[in-house]
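The values are calculated or read from the model by the stated rules, or taken from the named source; none is laboratory data. All values reported here derive from a predicted model rather than from experimental measurement. A quick note on method: Cβ atoms are made from the backbone with ideal geometry, for glycine too, and the neighbour counts reach across all protein chains shown. For accessibility, only protein heavy atoms count, side chains too; no ligands or nucleic acids. Shrake-Rupley method; radii C 1.70, N 1.55, O 1.52, S 1.80 Å.
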Amino acid sequence: MLQIDRNTVALAGACLASLLFGLEISSVPVILPKLESVLAADFKDLQWIMNAYTIACTTVLMATGTLADRFGRKRVMVITTIAFGFASLLCGFAPSAPILIVARFLQGLAGGAMFTCSVAVLSHQFQDGGERGKAFVAWSVVSGIGLGFGPAIGGLIVTFSSWQWVFLIHVPLAILALVFIVAGVTESRDHNAQKLDRAGILTLSLAVFGFSYLITQGADLGGGARIGVIVASVAAFIGFLVAEKVNPYPMFDFSVFRIRQFSGAIMGGIGMNFSYWPFIIYLPIYFSGVLGYNSTTTGLLLLVYTLPLMLMSSTAERLRARYQARIAIPLGLLTLGIGFIAMRIGSGLEGANWVSMLPGTLIAGIGIGLTNSPTTNTTTGSVSPDRAGMASGIDISARLITLAINIAVLGLLLTRGIVSYLRDAFGTALVPNELHALAERIATGNLGSLAQPKLATLDPSGAVVHAALVNGFGWVMLYCGIGVLALAVISFVIFGAKTIAPREGRGHASAQTAGEACS
């Protein structure tokens, strides 16, 4: 009886950790327009407030498992939970955008490690297969709550309190999670743990950071500096490929990409983070800047976008069981792409509002729900059980890398779309530097802060500025829609002809839920 009680306490700690991780991904986008005004953050700052977290998560994701196996899973989870609470405190008291970005990076390091440890802890804590399955179902539901309700929670917090509490709320929650972890988790370690792939971690992180920096800051760099960043990023990526080739314990085992089931499913993970998850960062700007809704309304509208992730999981699994992943995953991506095309159409209508956007956001939400679970189950089930953890790590890393880069790409497209419209509307009235600076301010969605004498003369009603922001979002939605539709076709082609159902290994439950919460 004591053991059952201890397992329940450990489960509560792991669930709270996953809740913290999910909330930190989905609640912050809602407050970005607020951060633009109170911290004097420009558009690129806002991108990095989100990107710093995802890049940091990617950095530690593959390393944490090895560290936890070597030094103790409970010990590493305790340390990372304390670090997450401390980093959240730094975020809440950050006096400027640069300090918040640094704090977010630290928070991402701790959050990614804490999340990974929660999977490892539950896998060891629940030895019985049936009990382990129930534990991961509960863990997955709580993770979904963090992701699905994060926007609404963030909106409510900023409405009734201040933006700081979107971060500070994690401090007491982290303390509570820590109490459960210390009281319930049994220490475990693997004395045969593999060596840490330091070269792989370093080169991959540098490559992702370099490409993200190039996309977001490239326009402000000189020709020589831009070429330098490109060369360094490409060199880092080549270095990563070489490191994984020569390392006897590589972070990525590229041989798994020869398995059609695995490679086809990876396209599902990439597709979701090519479109759906990076767009959740910009969708609040659309609702507030274009449609004029407050934070509470924006948070509630975002539930239509996120709730189907939880509601469609069982339907997605039935589709996978009946038609196999080669149909289920491309179908999910196809639905996701149709959702973005519908959003593009709805946003372009005269007098567009939440009603015209509703079909697209709902269809996209259904698409992510149909894609997510089959993708994770297939990546882990298509390899032998002893490689399931590695397969899950590649899957999650591919998602987070795609997410980090596409946060930057969507921001670039948004500003370019705004610049294109302003150039057509104003002609040569604004020089290129003025045009780009104005576009970046418009892209934050805070149109009320655009108090410029020249702009007041050119656009006294603000209609051109508003239309430019609509045009920028049109570019973004079109990119997401076309891109994910192309990935649906690529996934279908990679899967090829009818194949046998993927194997379900011992590590399946943990890998499944890990991929779902990292979507």
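Could you tell me the ratio Rg/Rh of the chain? Both radii from Cα atoms, Rh via Kirkwood.
Answer for the chain: 0.97.
Separation of segment 406-425 and segment 22-50 by C-alpha centroid, Å?
Using only Cα atoms to place each centre, the spacing works out to 18 Å.
Using only protein heavy atoms and a 1.4 Å probe, report how much of LYS44 is accessible, in Å² to the nearest 10.
The accessible area comes out at roughly 20 Å².
Go through segment 301-349 and name the trypsin sites (Lys or Arg not before Pro) that are in a DSSP coil and have 16 or fewer other Cβ atoms within 10 Å of their Cβ.
Nothing satisfies the criteria.
Measure out, as a whole number of angstrom, how far apart the alpha-carbon centroids of segment 309-382 and segment 153-215 sit.
Centre-to-centre (Cα) distance: 27 Å.
Once you mark the GluC sites (Glu not before Pro) that are in a DSSP loop and have at most 13 other Cβ atoms within 10 Å, what is the longest gap between them in the chain?
1-186
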